[in-house]
């Protein structure tokens with residue numbers, strides 16, 4: 001089912017949580033709403049679900065205007081951050097809930113066999129008789145997903161689905177959700193503040209700030225071509241170096257990079273830690289190493305430039321670097337944004 | 001090696017509480033049982049099964065049941081309204097719930113009698129429909145309702161307040177109607193608190209005295225409650241008979257507590273880990 005948001009607005013008291021958001025989600029697409037807290041991403045998701053009514057604009061499911069359809073008739077599956085499983089029902093009863101309260105009457109055998117199928121889909125065979133308090137967080141979230149899928153929703157909506165889980169469990173569930181999505185092909189929209197999660201999982205990432213969409217595109221598009229300093233900073237670690245733009249080039253100390261389309265004057269140069277080279281001889285930006293952080297996949301160096309700006313960059317695991325060492329930094333690639 | 005406890009003050013606080021519980025709760029109950037036991041089985045049975053005593057049990061227990069069932073519905077509704085909705089005067093309603101606790105029960109009894117007497121505000125209206133309240137079992141029930149109302153409201157209220165709104169949202173998104181959500185999700189989660197309130201309310205009704213004796217009429221065999229019969233026996237210096245009848249009330253209260261505890265444990269099965 002295709003979803004279409006048209007100039008959607010939501011205000012809480014005086015706070016404008018969502019300002020004039022328009023968004024198209026194609027049928028079968030897996031889309032991430034990514035943004036910091038307060039960016040309105042959860043409010044948008046809840047409006048699509050019908051758990052919140054918009055103050056302006058329209059939401060279409062296919063060709064049908066769903067703006068005023070209440071949540072119970074909207075046919076969405078919603079997965080909550082803290083699972084919201086019914087604590088007094090077994091896993092099987094939780095999954096069966098939607099079918100039991102449905103206007104479409106189903107007999108016991110049909111419900112039971114559907115529950116068994118769903119338990120198999122979420123790989124929880126044999127846990128149907130447990131209560132939610134008796135299973136792990138990751139298992140609970142899988143039950144929540146099975147429960148949402150049981151009513152054959154037109155759209156699947158997930159609110160920070162893995163936010164409350166350990167990093168390892170989160171990574172597994174992410175891959176698994178991707179598999180389930182390709183198996184079922186159901187239009188899916190999920191909210192996260194974790195860039196890695198959005199980039200790993202989604203076909204398309206929609207980045208929000210202060211209730212507005214600042215950029216959207218495939219993970220490749222938003223990573224390779226961030227269109228604002230905010231997106232650059234939000235998607236990952238970034239170094240900021242003050243620069244001066246003249247005739248399409250940005251100059252910072254001894255180095256310069258292409259800055260086509262940026263107005264002359266003060267600007268900021270953004271680079272990823274992996275895009276910096278460290279050498280003991282010039283040319284480059286002179287810097288002193290302040291600290292070295294060892295990580296499984298390399299060494300992260302925190303350094304300070306001669307003018308006191310902090311810089312972070314990565315070197316190979318074998319490279320010997322020590323705090324207090326002096327050297328020069330050069331850039332492999334960088335993004336220049338006016339201002340600063 | 002001595003086991004160390006992080007929390008300080010265990011011996012002192014445990015000693016003080018056990019001493020107090022022994023002195024105030026266990027000792028009088030033991031005295032009651034001993035007094036009743038001094039009668040011998042035949043005399044005991046004759047007193048507790050006398051037709052006047054049995055009639056008093058019937059009116060007390062039936063009225064207490066009626067009042068508790070009424071409060072179960074009304075108390076739940078009141079707690080629901082206070083916690084779920086925001087309306088002007090909500091805090092006043094919330095405060096008024098405690099009034100039956102704050103008011104001396106005799107005052108409540110006199111006020112209810114004045115209202116429901118034949119010439120009272122309610123009584124005169126009800127008489128037109130042929131309903132008599134004052135000096136009938138119905139009056140006893142109303143007095144019991146009044147004094148036991150806060151129990152159910154105050155046990156259910158905190159549970160309702162803590163209910164995760166996401167549970168209802170989840171149920172709605174799964175297509176549940178308001179009634180289905182109430183019956184299948186909210187009510188089962190409230191059940192343990194409701195049962196606790198019911199058992200407290202029922203126990204209070206069994207023992208209520210002050211509020212009832214003014215409105216009941218106190219006719220032996222019809223509107224005489226057990227607590228009053230015990231009082232009459234005491235007035236006659238027949239302590240053994242008073243203790244014997246009291247022991248029947250005590251048994252009824254224990255039985256009720258046991259049943260509700262068992263039901264509560266059943267309703268809370270899902271919280272057991274393992």
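The values are calculated or read from the model by the stated rules, or taken from the named source; none is laboratory data. Keep in mind it's a predicted model, so treat the numbers as computed, not measured. For neighbour counting, all protein chains shown are included, and Cβ atoms are generated from backbone atoms with ideal geometry for every residue, glycine included.
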Does residue A:214 qualify as being part of a strand (DSSP E or B), in contact with a strand residue (DSSP E or B) (Cβ under 8 Å, 6 or more places away or on another chain) and free of Cβ contacts under 8 Å to residues at least 24 places away in the same chain? yes
Within segment A:1-20, work out how many residues are farther than 14 Å from residue A:65 by Cβ and surrounded by 14 or more Cβ atoms within 10 Å (Cβ to Cβ). 8
The lone condition residue A:80 fails out of (1) more than 8 Å from every other protein chain (Cβ to nearest Cβ); (2) under 25 Å from residue A:27 (Cα atoms) is (1)
Do we find that residue B:252 is away from chain A (no Cβ under 14 Å), in a helix (DSSP H, G or I) and either surrounded by 17 or more Cβ atoms within 10 Å (Cβ to Cβ) or over 17 Å from the mean Cα position of the chain (by Cα) (or both) in this structure? yes
What's the total number of residues in segment A:157-195 that are assigned to a strand (DSSP E or B) and either more than 16 Å from the chain's Cα centre (by Cα) or within 19 Å of residue A:39 (Cβ to Cβ) (or both)? 8
Exactly one of (1) closer than 30 Å to residue A:260 by Cβ; (2) assigned to a loop (DSSP other than H, G, I, E, B); (3) out of contact with any helix residue (DSSP H, G or I) (no Cβ under 6 Å at 6 or more places or on another chain) is unmet by residue A:333. Its number? (3)
If you check residue B:233 against the conditions, is it part of a helix (DSSP H, G or I), free of Cβ contacts under 8 Å to residues at least 40 places away in the same chain and over 30 Å from residue A:91 (Cα atoms)? yes
Name the single residue, out of those in segment B:79-98 being touching a residue at least 40 places away in the same chain (Cβ under 8 Å) and in a helix (DSSP H, G or I), that is nearest to the chain's Cα centre (by Cα). B:79
State whether the residues of segment A:259-278 include one that is in contact with a helix residue (DSSP H, G or I) (Cβ under 7 Å, 6 or more places away or on another chain) and under 18 Å from residue A:311 (Cα atoms). yes
Quick test for you: out of A:62, A:75, pick the one residue that is more than 23 Å from the chain's Cα centre (by Cα), facing chain B (nearest Cβ under 10 Å) and either touching a residue at least 60 places away in the same chain (Cβ under 8 Å) or within 27 Å of residue A:137 (Cα to Cα) (or both). A:75
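Okay, residues lined up against (1) under 25 Å from residue B:164 (Cα atoms); (2) assigned to a loop (DSSP other than H, G, I, E, B); (3) more than 14 Å from chain B (Cβ to nearest Cβ):
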| position | (1), (2), (3) |
| --- | --- |
| A:94 | yes, no, no |
| A:100 | yes, no, no |
| A:110 | no, no, yes |
| A:129 | yes, yes, no |
Failed criterion for residue B:175 (all others in (1) touching a helix residue (DSSP H, G or I) at 6+ places or on another chain (Cβ under 7 Å); (2) more than 14 Å from chain A (Cβ to nearest Cβ); (3) farther than 17 Å from residue B:50 by Cα hold): (2)
Please work out if residue A:87 is in the same structural domain as residue A:199 (by TED's automatic domain parsing), farther than 23 Å from residue A:177 by Cα and surrounded by 17 or more Cβ atoms within 10 Å (Cβ to Cβ). yes
Can you tell me which residue in segment A:217-242 is farthest from the chain's Cα centre (by Cα), limited to those that are assigned to a strand (DSSP E or B) and over 16 Å from residue A:332 (Cα atoms)? A:242
Considering only segment B:102-172, give the helices (runs of 4 or more DSSP H) lying wholly within it that have at least 2 residues that are under 18 Å from residue B:213 (Cβ atoms) and in contact (Cβ under 8 Å) with a residue 40 or more places away in the chain. B:105-116, B:137-162
Lone unmet requirement of (1) crowded, with 18+ Cβ neighbours inside 10 Å; (2) touching a strand residue (DSSP E or B) at 6+ places or on another chain (Cβ under 7 Å); (3) closer than 30 Å to residue A:26 by Cβ for residue A:245: (3)
Per the list (1) under 19 Å from residue A:186 (Cα atoms); (2) within 12 Å of chain B (Cβ to nearest Cβ); (3) surrounded by fewer than 16 Cβ atoms within 10 Å (Cβ to Cβ), residue check on residue A:120 breaks on (2)
Report the residue count in segment B:178-196 for those that are facing chain A (nearest Cβ under 7 Å) and more than 17 Å from residue A:72 (Cα to Cα). 2
Scan segment B:209-216 and tell me whether some residue there is more than 10 Å from chain A (Cβ to nearest Cβ) and outside any helix (DSSP H, G or I). yes
Is it true that some residue in segment A:61-80 is under 24 Å from residue A:214 (Cα atoms) and touching a strand residue (DSSP E or B) at 6+ places or on another chain (Cβ under 9 Å)? yes
Does residue A:169 qualify as being at pLDDT 95 or above and touching a helix residue (DSSP H, G or I) at 6+ places or on another chain (Cβ under 7 Å)? no
